[in-house]
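Novice: Could you have a look at this structure, given as structure tokens, before my questions?
The values are calculated or read from the model by the stated rules, or taken from the named source; none is laboratory data. Note that the structure is predicted; figures quoted are calculated from it, not measured. Positions of Cβ are backbone-derived with ideal geometry, glycine not excepted, and every protein chain shown enters the neighbour counts. All accessible areas refer to the heavy atoms of the entire protein, side chains included, with ligands and DNA or RNA removed. Shrake-Rupley method; radii C 1.70, N 1.55, O 1.52, S 1.80 Å.
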Amino acid sequence: MSKHILLTREAGKNEVSQIYLERAGFQVSVVPMIKTRSCKCQMALGEYDWIVFTSANTVCYFFEQQAVIPSHVKIAVIGEKTAEMLASNQYNPDFQPTRFTTDIFIDEWLALDLNQQQIFIPKSNIARDEIERQFKNAGHLVTSCVIYETVFPERAKEQLQRVMKSRPIDIAVFASPSAWHHFLKSYTGDIAKLKIASIGPVTTRAIESSDFAVTYAPTNYTMREVCEILIKGEL
């Protein structure tokens, strides 16, 4: 019998992975464990040298409120999907790290050894402040603004129970600490019996700090890579 995989990213971001895994032979269910919504953010972009996008969501919600990035403002991004979302809005990044992690991003951007810069960081309500803190410590002037918030979808627990009743879940995939923590509140089965796939070191740390093991953690932090290692490891 085919393995049953649960995808937990927010609505609209699971379809490609679902189709890919189903074609490979898995049964796949989707229960979004996070939901995002816009927050009003005051932006005077003309005064900044850089804008930093840390996720595709920050790009999406930024361009809901701001049509243009001034030509003198340089753009830094973390992540393949972030760069893709930026490109869909007709912009290209001036800086990307060699690996899609916050720590590598900080190290490599600071290695540019720039004079004091004015930096704007749109972020979520639960974002880490590591970039802001490290850049300030290096002498840069940083302004951050919450541009969207992450919440628990109203019917997620009910949807998860329906999925569990239809067939036991074998593998659950998480792309953020929020999705993991919301799953913990909602899942009524024995989590220790699940195989867990995690995208990114922050998500992995959140899972492991809850005293659960991560079975699959790709070195390239993308859903495509997760799908590949699940196919290789389970089929």
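Novice: After finding the eigenvalues of the alpha carbon gyration tensor for region 5-94, what semi-axes result from the square roots of 5 times each, listed largest first in whole Å?
Specialist: Details: eigenvalues 207, 42, 16 Å².
Those come to 32, 15, 9 Å.
Novice: For the chain, which cysteines have no second Cys with its Cβ under 4.7 Å from theirs?
Specialist: Isolated Cys, the chain: CYS39, CYS60, CYS227.
Novice: On the full set of protein chains, 1.4 Å probe, figure out the accessible area of LYS81 and give it in Å² to the nearest 10.
Specialist: Rounded to the nearest 10, the figure is 120 Å².
Novice: What are the residues whose amide H is under 5 Å from the amide H of VAL28, where those residues sit 5 or more places off or on another chain and H is modelled from the backbone?
Specialist: Hits under the 5 Å cutoff: ILE5.
Novice: State, to one decimal in nm, how far the label point of GLU64 lies from the label point of GLN27, with both points 7 Å from Cα in the Cβ direction.
Specialist: With each label placed 7 Å out from Cα toward Cβ, I get 3.5 nm.
Novice: Stretch ARG37-THR98 to full length: gain in nm at 0.36 nm per residue minus the Cα-Cα span?
Specialist: Here the answer is 19.0 nm.
Novice: Counting only heavy atoms of protein chains, what accessible area per residue, in Å², does the chain have with a probe of 1.4 Å? Let's see the in-between values first.
Specialist: Numbers: 11740 Å² over 235 residues.
I get 50 Å² per residue for the chain.
Novice: Same structure, new question: At a probe size of 1.4 Å, how large is the accessible area of VAL202, to the nearest 10 Å²?
Specialist: Solvent-accessible area, nearest 10 Å²: 50 Å².
Novice: Continuing with the same structure: Between LYS136, LYS193, LYS123, find the one with the highest GNM mean-square fluctuation for the chain; connect C-alpha pairs within less than 10 Å.
Specialist: Highest fluctuation among the options: LYS193.
Novice: Return the whole-Å distance between the Cα centroid of region 56-96 and the Cα centroid of region 122-188.
Specialist: 21 Å
Novice: Round to a whole number: what % of the accessible area of the chain belongs to carbon and sulfur, probe 1.4 Å?
Specialist: Heavy-atom surface of the chain belonging to carbon and sulfur, 1.4 Å probe: 48 percent.
Novice: Moving on to the next point. Accessible area of ILE231, 1.4 Å probe, to the nearest 10 Å²?
Specialist: Counting only protein heavy atoms, ILE231 exposes about 40 Å² to solvent.
Novice: Calculate, in nm to one decimal, what THR215 and ALA11 gain on full extension: separation in residues at 0.36 nm each, minus their alpha carbon distance.
Specialist: Residue separation times 0.36 nm, minus the Cα-Cα distance, leaves 71.0 nm.
Novice: How far apart, in nm, are two points set 7 Å out from the Cα along the Cα-to-Cβ line at ASP107 and at GLU228?
Specialist: 2.2 nm
Novice: Sort 112-120, 157-165 by packing, meaning the average of other beta carbons within 10 Å per residue, with the highest value first.
Specialist: Put in order of decreasing packing, that is 157-165, 112-120.
Novice: Within the chain, what percent of beta bridges assigned by DSSP are antiparallel, to the nearest 5?
Specialist: Bridges in the chain are about 15 percent antiparallel.
Novice: Can you tell me, using C-alpha contacts under 8 Å and at least 6 residues apart, the relative contact order of the chain as a whole percent?
Specialist: Worked out over the chain, it gives 22 percent.
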